[in-house]
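What follows is a short report on a single structure.
The values are calculated or read from the model by the stated rules, or taken from the named source; none is laboratory data. Here the structure is a predicted model, which means the values were calculated and not measured. Neighbour counts are summed over all protein chains in view; Cβ atoms, including those assigned to glycine, are modelled from backbone coordinates with ideal geometry.
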Amino acid sequence: MQTELLPVSENNPKHRVAYQLPVGDQLLPLNDLLGHKLSLQYQGEIHCCHCGRKTKKSFSQGFCYPCFRKLPQCDICIMSPEKCHYDQGTCRDAAWGEKFCMTDHVVYLANSSGLKVGITRATQIPTRWIDQGATQAMPFIRVSTRQQSGLLEVIFKEFINDRTNWRAMLKGPADPLDLQESALELLDMNASRIAAMQEQFGIQAIQPLLGNFSGNFSDKEPGAVSGETAMPNVLNIDYPVLEYPAKVTSQSFDKQPLIEGTLQGIKGQYLILDTGVVNIRKHTAYQVSVTVP
C-alpha cells in the first residue's frame, strides 16, 4: 500500500496516515472506505514483481525463485545488513549495492508493540515506520552505509527488541514511551563500542544525531551522554482505525481465494476487517481484484 503522512491539525496533534491500495493502474483511497464492505478475490496467479514471470509461489514478498536466487535485494545481507559482502567484491549487483546500500542510513527507535530498534535508508523515513505500524519513531544515529547500520543494530538489540510483535501492534496503539531517554541510555551504555566503530570507519561515518555533542565517543566517560543533550524530535503517528480487533485472526489468499469483510482500519501494511486481518505486503505480486459493493 502507498502511504502519506497528513499534516497535524487542531483536532489531531498526531500525523494521520492516508492509505492507497494499488489495483491495476489505479490507486484506491482506503481511508474513505472505513466502515464499508470490501471483497478481495484472488485470481489464482502470482507474477514476479521484478521480471513478471508467472510463479506458483512468491519468495521474499513477490519474487519468483530465479530472481530470488540472483537479485541483490533478495540476498542474505538484506535481512542481516551486518553480513554485507560488497567490500569482498561478491555483491550480486555492485551498481545496485552502491545505490541502495552504500548510502546514508539511520538507526532509529520506534514504538509499535513496544520499544524496538531498527534501521532504514535515510530516504525511507517515515515510510519504514508506517509500514511497521509505529505510533512513535525517532532516528538517533546516521551512518554512511547499510552495513554500518546493521552492525550498530546488532549491538543495540542486546538491550532492546529489534522486531515488532504484529499481533500486539494490531490490537491497539502502543503505550507512549520516552524514546529520547531510551536513545540516550543506549548511546551511553555503548559509548566504547560506538567509538570503536568510529575508529574503524571514521568519525564522520558514524554520527549520533545529538544537538550538544561532538559526535566523537573516543574520549567519553560513562554518563557523558546525558539528558541535557538535545535529541531529535519524536514523530507521533496516528492510523485510520475505527475499531481494533479483540482477537487477531490472520487471513491469506494461500488458504482462501475470497476474503470479505467490513473495513475497520488500516495499520502498518495490514487491512483490519471484521472477519480478520490481511497482510497486503505479504501478497505482493498476487493478482487480486477488489470490489466495493
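Within the range 27-69, can you find the residues that are among the charged types (D, E, K, R) and in a loop (DSSP other than H, G, I, E, B)? Please lay out each step first, then the result.
Quick first cut of the range 27-69, residues among the charged types (D, E, K, R) only: 32, 37, 45, 53-54, 56-57, 69.
Within the range 27-69, Arg53, Lys56, Lys57 meet the criteria.
Return the residue satisfying two criteria in turn: it lies in the range 150-174 and is acidic (Asp, Glu) and touching a strand residue (DSSP E or B) at 6+ places or on another chain (Cβ under 6 Å), and of such residues it is nearest to Asp238 (Cα to Cα).
Residues of the range 150-174 acidic (Asp, Glu): 153, 158, 162.
With touching a strand residue (DSSP E or B) at 6+ places or on another chain (Cβ under 6 Å) added as a condition, the list becomes 153, 162.
Values: Glu153: 26, Asp162: 22 Å.
Restricting to residues being acidic (Asp, Glu) and touching a strand residue (DSSP E or B) at 6+ places or on another chain (Cβ under 6 Å), the top hit is Asp162.
Please go through the range 152-197 and give me each residue that is among the aliphatic types (A, V, I, L, M) and farther than 22 Å from Met231 by Cβ, ordered by number.
Val154, Ala168, Met169, Leu170, Ala196 - these are the residues of the range 152-197 that are among the aliphatic types (A, V, I, L, M) and farther than 22 Å from Met231 by Cβ.
Table: residues versus (1) hydrophobic (A, V, I, L, M, F, W, C); (2) touching a residue at least 60 places away in the same chain (Cβ under 8 Å); (3) crowded, with 16+ Cβ neighbours inside 10 Å.
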residue: Lys99; (1), (2), (3): no, no, no
residue: Ala122; (1), (2), (3): yes, no, no
residue: Arg146; (1), (2), (3): no, yes, yes
residue: Leu152; (1), (2), (3): yes, no, yes
residue: Lys157; (1), (2), (3): no, no, no
residue: Asn165; (1), (2), (3): no, no, no
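Would you pick out the residues in the range 244-280 that are closer than 20 Å to Asn165 by Cβ, exposed (fewer than 13 other Cβ atoms within 10 Å of the Cβ) and either among the charged types (D, E, K, R) or modelled with pLDDT of 95 or more (or both)?
The answer is Lys247, Thr249.
How many residues are more than 15 Å from Tyr286 (Cβ to Cβ) and assigned to a strand (DSSP E or B) if we restrict to the range 251-269?
Going through the range 251-269, the residues more than 15 Å from Tyr286 (Cβ to Cβ) turn out to be 260-268.
Then keep just the ones that are assigned to a strand (DSSP E or B); that gives 260-267.
Number of matching residues: 8.
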